[in-house]
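Report on the following structure.
Nothing in this text is a laboratory measurement; each read-out follows from the coordinates by a stated rule. Keep in mind that what you see is a predicted model, and the values were worked out from it rather than measured. All Cβ positions, even for glycine, are placed from backbone atoms using ideal geometry, and neighbour counts span all protein chains on display.
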Amino acid sequence: MNGEKVLYFILFYLIIDQHPKILMKQHLIIADDDPGIQDVFQLIFERAGYSIEIFSNGRQLMNNYFEVPDAFILDKQLSGIDGLDICRFLKSQERTKNVPVTRRCNRFPKG
């Protein structure tokens, strides 16, 4: 596991520990095109007791080919479809407009 993946692993453990009400749901959908990041998410959330579905692109989400989850985690820069466009789409749909969506990006603030 390279340094960036270890950092994601640590950050998401901190999020779960600090904000349990945000992520204390049964089923998550994760859209990310990086297999290493997918592995990190799978490891973290399955160990925390969540059921997860991982999509490598946003087409299935844009075509509504999924069971509505308790929350979405989207890569901001998915191949082919921008994560922000997927977020807007999900929020415009009656069945997913109230489902929490969080986006991740590969950049961290400098400071």
Can you work out ³J(HN,Hα) from phi for every residue in the stretch 81-89, in order, using Karplus 6.51 cos²θ - 1.76 cosθ + 1.60 and θ = phi - 60°, giving whole Hz and x for Gly and Pro? 9, 5, x, 5, 5, 5, 4, 4, 4
Are there any trypsin sites (Lys or Arg not before Pro) in the stretch 28-111 that are in a DSSP loop and have at most 13 other Cβ atoms within 10 Å? List them by number. ARG95, LYS97, ARG107, LYS110
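For Cα pairs less than 8 Å apart in space and 6+ apart in sequence, what is the mean separation divided by the residue count of the stretch 55-99, i.e. the relative contact order in percent?
41
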For ASP33, enumerate residues with amide H under 5 Å from its amide H, sequence gap 5+ or separate chain, H modeled in the peptide plane. SER79
